[in-house]
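*Asks:* This is the structure I want to talk about, given as C-alpha cells.
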Amino acid sequence: MEKGMETAALPQQKQPIFTNHQLITLLWPLVIEQALEVLVGMTDTMMVSSAGEAAISGVSLVDMINQLIITIFGALATGGAVVTSQYLGAKKPEAAARSAGQLVSLSAILGCGIAGFCLVARTLLLRLFFGSITDDVMHAALIYFTITALSFPFLALYNAGAAIFRSTGNSAVSMKVSVIVNIINFCGNALCVYGLKMGVAGVAVPTLVSRAVGALIILSLAARPDYLLRITPRTIFHLEGGTVKSILAIGIPSACENSLFQLGRVLVVSMISLFGTVHISANAVANNLDSVGCIIGNAMCLGMITVVGRCIGAQDFDQAIHYTKKLMRWDYVAQGLTNAAVLLLLNPLLSLYTLSPETARLSAELVWIHAGLSIFLWPMAFVLPNALRAANDVKFTMLVSVVSMVVWRLGFSQILCVQLGWGALGVWWAMIIDWVCRLLCFVIRFKSGAWKKHALKTPA
C-alpha cells in the first residue's frame, strides 16, 4: 500500500527512488544524532555556568570560532556526500567507494592544518575577534580554545565517516557512534566539572577524548570488508585528481559560504561583546535553546543531500523536485511543533541555567524572536538550499548566503546593535532580515528550474 501510494504521487507513475519507509529510516537517526549534539551542548553550557558568567562567556565566544571551523569540515563532508550519492544514483559503486576514501584523506589534511594554525594563532584570533572582553573571560577562552583545537583532526575525520554512511542511506551507524561519543562527553563533563572542579577545562577535555573515540570507531566501521563504500589505504593515500576535483567543486563553495556565514556570526557577537557579560551570556543561552528548535531542520538538511543527490545521480529531476517538496512539508510540520514546545517550556528551560535576572530576561526575549519566526522562515532559508547544493548549484547558494550575510545581517547589526544601542536584540532582528532575503532567493531559484543546468554536470 505504501509503495503504491508513493508511486501514485510521482510524475508519470515513476518507480520511486525512495519509499516513505526509506526516508523515515534515513531521517530518524539523523534527528536523534542532532538532538544528542544539542542536548550535550546545552548540558555543557549548564555545567560551565556553575563556574560563573565569565566562564560561560569565554566558552560561548570560543564556540563561535569553533563553529566556524566545524562548518568548514561539514562543507567538505557535504562535498564528499554529494559526489558519493550521485555515483550511487548513477549505479557506480566502485567510483562511490573511491570518493569515500578521497574524502577521508582530504579531511585528515584539512583537520591537521586548521588545528595547527589555531594552536599557533589562538591568542591572536581571540584578540582579533573579541579584543574588548575582560581578562577573566579571555583567560577562560584561551583554556577552552587550546584544548578543543587539538580535537579538530578527529572531528574532521568523524564528519567524513558520518557523511560516507549517510550517502548509502545508513544514517543509523553515525547515530550509534554519536550516542557513544555524547555519553563519553556528558559523563566526562560531569566528572571533570563537578568532581574534579576543572572549570572551563572540564568541558574541553571530554570533548577532545570523545571526538577521538568517535573518529576511531566510525573509520573502523567504514573499513570493514563487507561495507559497500569500504575505505582502504589505497583509496585514502592515492589521491585521484578527478575525484578530488569533484569533491572540492562542491566542498569549496560550500566551505566559503558556511565559513563566511559563521565568520559573520562571530563578527556580530563581537558587537554584542561591547555591551558586556549580560548580553554575551544571554546570547549564548538563547543560541543554546534555539538550537533545540533547529534539531529536525538540521537533520533534514543532511537528509536532503542524500535524497536529492541520489535523484540527481540518476538524472531524474522530477523525483528531485518531488522529494524536495515532500521533505520541506515534513520539516515545516516538525519544526513548527518543536519551536512551539520551546516557547511553551521557556521558563522551566531557563531555570536550568545559573543566570542573573537581567540575563534570564534578555535570553527569553531572544528566544521568542528566533523560535517564533523560525516556524515560518527557517526551513525555506536553510533546508531548501541543500536541495540546490545536492544538484551542484553551489555557486548560487554561496553568492546568496555571502551577500545576505554581509548586507543584511552584518549591515543591520551595525545599525541596530551598535548605532542604535539595541545590543543583542539588534543583532537578532538583523538575523531575521537575513532569513527573509535568503528565503526569497532560494524559493525563486528552485521554482525557476535554473538549477537543472548545473545538475547535468554529475561526476563522470
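The values are calculated or read from the model by the stated rules, or taken from the named source; none is laboratory data. Quick caveat: nothing in here was measured; it's all calculated off a predicted structure. FYI the Cβ positions are ideal-geometry reconstructions off the backbone, even for glycines, and counts take in every protein chain you see.
*Asks:* With V62, V48, V83, V104 as the choices, which residue is assigned to a helix (DSSP H, G or I), closer than 19 Å to M304 by Cα and of a type outside the set (F, W, Y)?
*Replies:* Step by step, each of V62, V48, V83, V104 is checked, and only V83 is assigned to a helix (DSSP H, G or I), closer than 19 Å to M304 by Cα and of a type outside the set (F, W, Y).
*Asks:* What is the residue count in segment 404-436 for residues that are surrounded by 19 or more Cβ atoms within 10 Å (Cβ to Cβ) and of a type in the set (S, T, N, Q)?
*Replies:* 2
*Asks:* Can you pull out the residues in segment 216-251 that are of a type in the set (D, E) and either outside any loop (DSSP other than H, G, I, E, B) or surrounded by fewer than 13 Cβ atoms within 10 Å (Cβ to Cβ) (or both)?
*Replies:* Within segment 216-251, just D226 meets the criteria.
*Asks:* I need a count of the residues in segment 144-181 that are out of contact with any Gly (no Cβ under 8 Å at 6 or more places or on another chain) and of a type in the set (A, V, I, L, M).
*Replies:* 8
*Asks:* Between residues in segment 388-410 that are on the phi > 0 side of the Ramachandran plot and residues that are part of a helix (DSSP H, G or I), which pairs lie under 6 Å by C-beta distance while being six or more apart or on different chains?
*Replies:* Qualifying pairs under 6 Å: N392/H454; N392/A455.
*Asks:* Can you name the residue in segment 275-285 that is surrounded by fewer than 24 Cβ atoms within 10 Å (Cβ to Cβ) and in contact with a helix residue (DSSP H, G or I) (Cβ under 8 Å, 6 or more places away or on another chain) and is also farthest from V48 (Cα to Cα) among such residues?
*Replies:* F275
*Asks:* Inside segment 384-402, can you point out the residues that are over 13 Å from T306 (Cα atoms) and in a helix (DSSP H, G or I)?
*Replies:* Scanning segment 384-402 gives L384, P385, V394, K395, F396, T397, M398, L399, V400, S401, V402.
*Asks:* Next question. Could you grab the pairs with beta carbons closer than 6 Å, sequence gap of 6+ or different chains, first residue in segment 273-302 and at pLDDT below 90, second one of a type in the set (F, W, Y) and surrounded by fewer than 22 Cβ atoms within 10 Å (Cβ to Cβ)?
*Replies:* Sorted first by the residue in segment 273-302, then by its partner, the pairs are V285/Y353.
*Asks:* Let me ask something additional. Quick check: is even one residue across segment 440-457 touching a residue at least 12 places away in the same chain (Cβ under 8 Å), of a type in the set (A, V, I, L, M, F, W, C), in contact with a Lys or Arg (Cβ under 6 Å, 6 or more places away or on another chain) and at negative phi?
*Replies:* No, because not a single residue in segment 440-457 is touching a residue at least 12 places away in the same chain (Cβ under 8 Å), of a type in the set (A, V, I, L, M, F, W, C), in contact with a Lys or Arg (Cβ under 6 Å, 6 or more places away or on another chain) and at negative phi.
*Asks:* Take V394 and decide whether it is of a type in the set (V, I, T) and modelled with pLDDT of 95 or more.
*Replies:* When the stated conditions are applied, V394 does not pass them.
*Asks:* State yes or no: is I114 surrounded by 14 or more Cβ atoms within 10 Å (Cβ to Cβ), modelled with pLDDT of 90 or more and either within 25 Å of the chain's Cα centre (by Cα) or not hydroxyl-bearing (S, T, Y) (or both)?
*Replies:* yes
*Asks:* Let me ask something else. Name every residue in segment 152-173 that is surrounded by 24 or more Cβ atoms within 10 Å (Cβ to Cβ) and hydroxyl-bearing (S, T, Y), in order of residue number.
*Replies:* Those that are surrounded by 24 or more Cβ atoms within 10 Å (Cβ to Cβ) and hydroxyl-bearing (S, T, Y): Y158, S167, S171.
*Asks:* Which members of segment 30-44 meet the condition of being over 19 Å from F165 (Cα atoms) and of a type in the set (D, E)?
*Replies:* Hit for segment 30-44 is D44, nothing else.
*Asks:* Okay, moving on. Are any of the residues in segment 339-353 aliphatic (A, V, I, L, M), touching a residue at least 60 places away in the same chain (Cβ under 8 Å), surrounded by fewer than 20 Cβ atoms within 10 Å (Cβ to Cβ) and not in a helix (DSSP H, G or I)?
*Replies:* Yes, some residue in segment 339-353 is aliphatic (A, V, I, L, M), touching a residue at least 60 places away in the same chain (Cβ under 8 Å), surrounded by fewer than 20 Cβ atoms within 10 Å (Cβ to Cβ) and not in a helix (DSSP H, G or I).
*Asks:* Okay, next question. Just to be sure, is F165 among the aromatic types (F, W, Y) and under 24 Å from G113 (Cα atoms)?
*Replies:* no
*Asks:* OK, next. Scan segment 183-204 residue by residue and report those that are surrounded by 23 or more Cβ atoms within 10 Å (Cβ to Cβ), hydrophobic (A, V, I, L, M, F, W, C) and out of contact with any Phe, Trp or Tyr (no Cβ under 8 Å at 6 or more places or on another chain).
*Replies:* Selection gives V193 alone.
*Asks:* Quick check, is L327 at pLDDT 95 or above and in a helix (DSSP H, G or I)?
*Replies:* yes
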